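What follows is calculated from the coordinates using simple rules that are stated; it is not laboratory data. It should be emphasised that the depicted structure is a prediction, and the values quoted were computed from it without experimental measurement. Cβ coordinates were reconstructed from backbone atoms using ideal geometry, including for glycine residues, and neighbour counts include every protein chain displayed.
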């Protein structure tokens, strides 16, 4: 097949391009800019466009399909040409469904935890040499790409994102996969720029639950009230498997899971990760991995990239970087780190970087999110607010939203860096939460703050 990618440089898009190239498809693509790691990975396989930009002449009738990325605009010249010629246009999730409609589709959904749970499942399967197709939203240790597609594998494991499919397909991605087996980890309002009310957001998960094939399996986090409500109302004829936080204890900074195999030490920690493990175990069992084999494999799981990633450690100091940015993730991550290192000072630094987090109406959702931190810092860039064409957010609004009198707020990247590098971090844990980089913070340089 001859496939052309419009906006090939995206994280998901370039991984799909690499997977289809590996499968033997003829791949071309365009983008107006491509950064690393996408750039070097495409270049290594001969898929990097020679010139950046949009070129309608690349779109011809002999193409089998065009795959349209979210980065493209609806007036993209290549998209308009494809529409004019009648070339079949797929969104990223639509094409994944086409590649997997004869397989058993396992879809992991939820506002939080879906990347980690998908990663846990793939780690366990890989540990036991079980071959599956997959799509996951992070680069995993031991996996060459974030997407893998074959003709022969029976299962495909898909991370089910609720964000939009493409500029011309406004359906959430996970509505298109029609799972045979699904998981719902939690529901907490996110993507306010697309789903303006909480009710509208929850409705997307109801549609997902109703999209399971008849006789399908729903694994769900019964500790989450919103998830419970959605699963109870599901109209499909499905089997339901709830999970909760498994029994565990923390000793000397290590979390141990209580199992019939004994007390198993884990590389990850926090109630949210323990719930993720419980959900991943159900999924793996439905995929043919028994409980004993699951526990053997999960002990060596170190976490998904950018999810509570330990970037520096000394005798009395640990620094974590985490992708957390939505209120529920920030609260869960902060609490997890405080419980794990209860005898240390916790310095939690959050960057407000996304459309939702920089929206004045949404800010109040962050109430008490940083309460578990001994010292709480919020960084945001007024420049980022302007770029996103949002109303100006003031320091007073942020202070009021978090409901914390001693909250430290920075809007200048240099001042934030100076604050970090002036701290005595002895007997401290630092938690850096952001989907950005605090206006240019060098995380390699951050490692120098820790004495071995």
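Worth pointing out:
- Note on residue 163/residue 403: beta-carbon distance plugged into 1/(1 + (r/R0)^6) with R0 of 35 Å gives a FRET efficiency of 0.75.
- Convex hull volume per residue in cubic angstrom - Cα atoms of the range 259-316: 105 Å³
- Viscosity 1.567 mPa s, temperature 4 °C, Stokes-Einstein D of the range 392-452 from Kirkwood C-alpha radius, µm²/s: 96 µm²/s
- Packing around the peptides 298-310, 46-58, taken as the average count of other Cβ atoms within 10 Å per residue, puts them in this order, highest first: 298-310, 46-58.
- Inter-site label distance for residue 311 and residue 361 at 7 Å from Cα along Cβ, in nm: 3.3 nm
- Label sites at residue 245 and residue 88, each approximated as a point 7 angstrom past Cα along Cα to Cβ, lie 4.8 nm apart.
- 20 °C / 1.002 mPa s Stokes-Einstein diffusion coefficient of the range 56-128, Kirkwood radius on C-alpha pairs, µm²/s: 143 µm²/s
- Whole-Å semi-axes of the chain's equivalent ellipsoid (Cα gyration tensor): 35, 28, 22
- In terms of its C-alpha gyration tensor, the range 230-334 has an oblate overall shape, because the principal axis ratio a/c (a ≥ b ≥ c, square roots of the eigenvalues) is not below 1.5 and a/b does not outweigh b/c.
- Cα gyration tensor shape for the range 1-151, rounded if a/c is under 1.5, else prolate or oblate: prolate
- Where a label projected 7 Å from the Cα of residue 236 along Cα→Cβ would reach, residues of the range 164-181 with amide N under 17 Å: 172-181
- Prolate/oblate/rounded label for the range 158-234 (Cα gyration tensor, a/c 1.5): oblate
- Per-residue packing, averaged as other Cβ atoms within 10 Å, sorts the ranges 239-252, 216-229, 137-150 into the order 216-229, 137-150, 239-252, beginning with the highest.
- The Cα trace of the range 20-82 gives Rg and Dmax of 12.0, 32 Å, the first to one decimal, the second as a whole number.
- Placing dummy labels 7 Å off each Cα toward the beta-carbon, the span from residue 343 to residue 193 is 4.5 nm.
- Only helices enter this figure: runs of n ≥ 4 DSSP H residues, each worth -39500 (n - 2.57), summed and divided by the residues of the chain, yield -9000 deg cm²/dmol at 222 nm to the nearest 500.
- Full extension of the segment from residue 200 to residue 258, taken as 0.36 nm per residue of separation minus the current Cα-Cα distance, would add 17.0 nm.
- Per residue, the convex hull volume that the Cα atoms of the range 294-421 enclose (Å³): 132 Å³
- From the C-alpha gyration tensor of the range 95-298, square roots of 5λ in Å: 26, 21, 16
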